[in-house]
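One structure, as structure tokens, below. Some questions next.
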Amino acid sequence: MIRVIVVGAAGRMGRRLVTHIAESQDMKLAGATERPESEFIGVDAGSVAGVQSLGVKISPDFSSLLDQADAVIDFSTGAVVQNAGLAAAKGLSIVIGTTALTADDKAELKRLSDNGAKIVQASNFSVGVNLLLYLTKLTSKMLSDDFDVEIIEAHHNKKKDAPSGTAVSLAEAVAKVKGWDYEKDVKHGRQGLVGARTKHEIGMHAIRGGDIVGDHTVLFAADGERVELTHKASSRDTFARGALVAVRFLASAKPGLYDMQDVLGLK
Ligand code: NAD
């Protein structure tokens, strides 16, 4: 049995993660945390997730749970990198799904993995989205610069960050193939008299509305034809399932900083 802590257990993703762990044959919920002021502190994580009581009360104290666990899954909007440092010091495997990590955050995760931590960090844990990423790299390589690349993502109206972490990963992949720079060459939305589109840019567009779980399209448009690669998630379960696959992957992996392309063998 792999004993897993879920950070942010009362969040939208946290609840799905708790549910999938409760339903799995090879994992057990060993701990669950929330921010100290959460109304769910002291409440059973299984009840919060809408499954049976699991005998694990949601705690505000991450450190106190580490000795009774093998792995941590963090999709919280809290102190993700700080938690990773604490978990790494105790030798736990770490799976991080939180998006909007800064370059400094990612550098710190790399430093932890260089010092022996086992980490999977990915902006999207769905198998389908990772196939989309793979196909986007392939299509970028095969189509010439005559094809303009635009990325369109859509999410629910409660999402705080834009563009989505997945859209950023898709744009980074295109930029890498073309030898371009994400920061300089991505154009976020367009408004007013911006002039004709140049060949040396990737358009990025974020739609927010209703309960959309997550849609991503990479559009390659040339004169006379276009190719559109689209993935649509209709449930958060796909991300939770992927996070559990990542925990199993780390159980036998060497120390390192991995992404879902590594986990799924798409590299
Ligand atoms: P949410 O707001 O519903 O959940 C976040 C939870 O984290 C909340 O319950 C919040 O109270 C908790 N939290 C905040 N600070 C904390 C702390 N210090 N300790 C413990 N818990 C704390 O958000 P969500 O929709 O579940 O998304 C969470 C994150 O996961 C976002 O960054 C989102 O973009 C990302 N996400 C990633 C994937 C993926 O596949 N990588 C998929 C879906 C969502």
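The values are calculated or read from the model by the stated rules, or taken from the named source; none is laboratory data. Everything numeric here is computed off the predicted structure, so don't read it as measured data. With ideal geometry, Cβ positions are generated from the backbone for all residues, glycine too; neighbour counts draw on all protein chains shown. Only protein heavy atoms, including side chains, enter the accessible area calculation; ligands, DNA and RNA are left aside. Shrake-Rupley method; radii C 1.70, N 1.55, O 1.52, S 1.80 Å.
Counting only residues that are touching a Lys or Arg at 6+ places or on another chain (Cβ under 9 Å) and near the ligand (Cβ under 9 Å from one of its atoms), which one in region 33-78 is farthest from ILE96 (Cα to Cα)?
Per the criteria, the residue is PRO60.
May I pose another question? Which of (1) open to solvent by less than 50 Å² (accessible area, probe 1.4 Å); (2) farther than 17 Å from LYS267 by Cβ; (3) more than 14 Å from the ligand (Cβ to nearest atom) is the odd one out, the single condition THR136 does not satisfy?
(2)
If you scan region 21-54, which residues turn out to be in a loop (DSSP other than H, G, I, E, B) and open to solvent by 70 Å² or more (accessible area, probe 1.4 Å)?
Narrowing region 21-54 to residues in a loop (DSSP other than H, G, I, E, B): 24-26, 34-43, 50-54.
Once the filter is applied, which keeps residues that are in a loop (DSSP other than H, G, I, E, B) and open to solvent by 70 Å² or more (accessible area, probe 1.4 Å), region 21-54 yields GLN25, ARG35, PRO36, GLU37, GLU39, GLN52, SER53.
Please pick out the residue among SER126, SER169 that is within 16 Å of the ligand (Cβ to nearest atom), among the small types (Gly, Ala, Ser), under 18 Å from the mean Cα position of the chain (by Cα) and open to solvent by less than 10 Å² (accessible area, probe 1.4 Å).
On the way: SER169 fails: open to solvent by less than 10 Å² (accessible area, probe 1.4 Å).
That would be SER126, the only listed residue that is within 16 Å of the ligand (Cβ to nearest atom), among the small types (Gly, Ala, Ser), under 18 Å from the mean Cα position of the chain (by Cα) and open to solvent by less than 10 Å² (accessible area, probe 1.4 Å).
Test LYS141 against the criterion of being touching a helix residue (DSSP H, G or I) at 6+ places or on another chain (Cβ under 7 Å), open to solvent by 30 Å² or more (accessible area, probe 1.4 Å) and modelled with pLDDT of 95 or more, and give yes or no. Before you say what the answer is, go through the steps one by one.
Numbers: touching a helix residue (DSSP H, G or I) at 6+ places or on another chain (Cβ under 7 Å): yes; open to solvent by 30 Å² or more (accessible area, probe 1.4 Å): yes; modelled with pLDDT of 95 or more: yes.
Here the answer is yes, as LYS141 does meet what is asked.
Which one of these is in contact with a Gly (Cβ under 7 Å, 6 or more places away or on another chain) and either under 15 Å from GLU153 (Cβ atoms) or away from the ligand (no atom under 16 Å from the Cβ) (or both): HIS205, HIS200, HIS216? Show your work before the answer.
Working: HIS200 fails: in contact with a Gly (Cβ under 7 Å, 6 or more places away or on another chain); HIS216 fails: in contact with a Gly (Cβ under 7 Å, 6 or more places away or on another chain).
Of the residues listed, the single one that is in contact with a Gly (Cβ under 7 Å, 6 or more places away or on another chain) and either under 15 Å from GLU153 (Cβ atoms) or away from the ligand (no atom under 16 Å from the Cβ) (or both) is HIS205.
Would you point out the residue of region 238-262, among those that are closer than 20 Å to LYS106 by Cα and not in a helix (DSSP H, G or I), that is nearest to the chain's Cα centre (by Cα)?
Top of the filtered list is ASP259.
Among (1) over 14 Å from LEU244 (Cβ atoms); (2) at pLDDT 95 or above; (3) among the small types (Gly, Ala, Ser), there is one condition ALA79 misses while meeting the rest; what is its number?
Result: ALA79 passes all but (2).
Right, here's the next one. Any residue that is modelled with pLDDT under 95 and either in a helix (DSSP H, G or I) or open to solvent by 50 Å² or more (accessible area, probe 1.4 Å) (or both) - is there at least one of those in region 84-98?
no
Kindly indicate whether any position in region 102-121 is open to solvent by 30 Å² or more (accessible area, probe 1.4 Å), within 14 Å of the ligand (Cβ to nearest atom), assigned to a loop (DSSP other than H, G, I, E, B) and touching a residue at least 40 places away in the same chain (Cβ under 8 Å).
So in region 102-121, the residues open to solvent by 30 Å² or more (accessible area, probe 1.4 Å) come out as 102-108, 110-111, 114-116, 118, 121.
When the remaining residues are screened for being within 14 Å of the ligand (Cβ to nearest atom), the result is 102, 105-106, 121.
If we keep only those that are assigned to a loop (DSSP other than H, G, I, E, B) too, we end up with 102.
Imposing the further condition that a residue be touching a residue at least 40 places away in the same chain (Cβ under 8 Å) reduces the set to none.
No, region 102-121 contains no residue that is open to solvent by 30 Å² or more (accessible area, probe 1.4 Å), within 14 Å of the ligand (Cβ to nearest atom), assigned to a loop (DSSP other than H, G, I, E, B) and touching a residue at least 40 places away in the same chain (Cβ under 8 Å).
Looking at ASP161, ASP146, can you tell me which residue is open to solvent by 40 Å² or more (accessible area, probe 1.4 Å) and in a loop (DSSP other than H, G, I, E, B)? Steps first, please.
Numbers: ASP161 fails: open to solvent by 40 Å² or more (accessible area, probe 1.4 Å).
Just a single option satisfies the conditions, and that option is ASP146.
Can I ask one more? For region 164-179, give me each residue that is assigned to a loop (DSSP other than H, G, I, E, B) and within 13 Å of MET204 (Cβ to Cβ).
Taking region 164-179 first, the residues assigned to a loop (DSSP other than H, G, I, E, B) are 164, 179.
Across region 164-179, the qualifying residue is only SER164.
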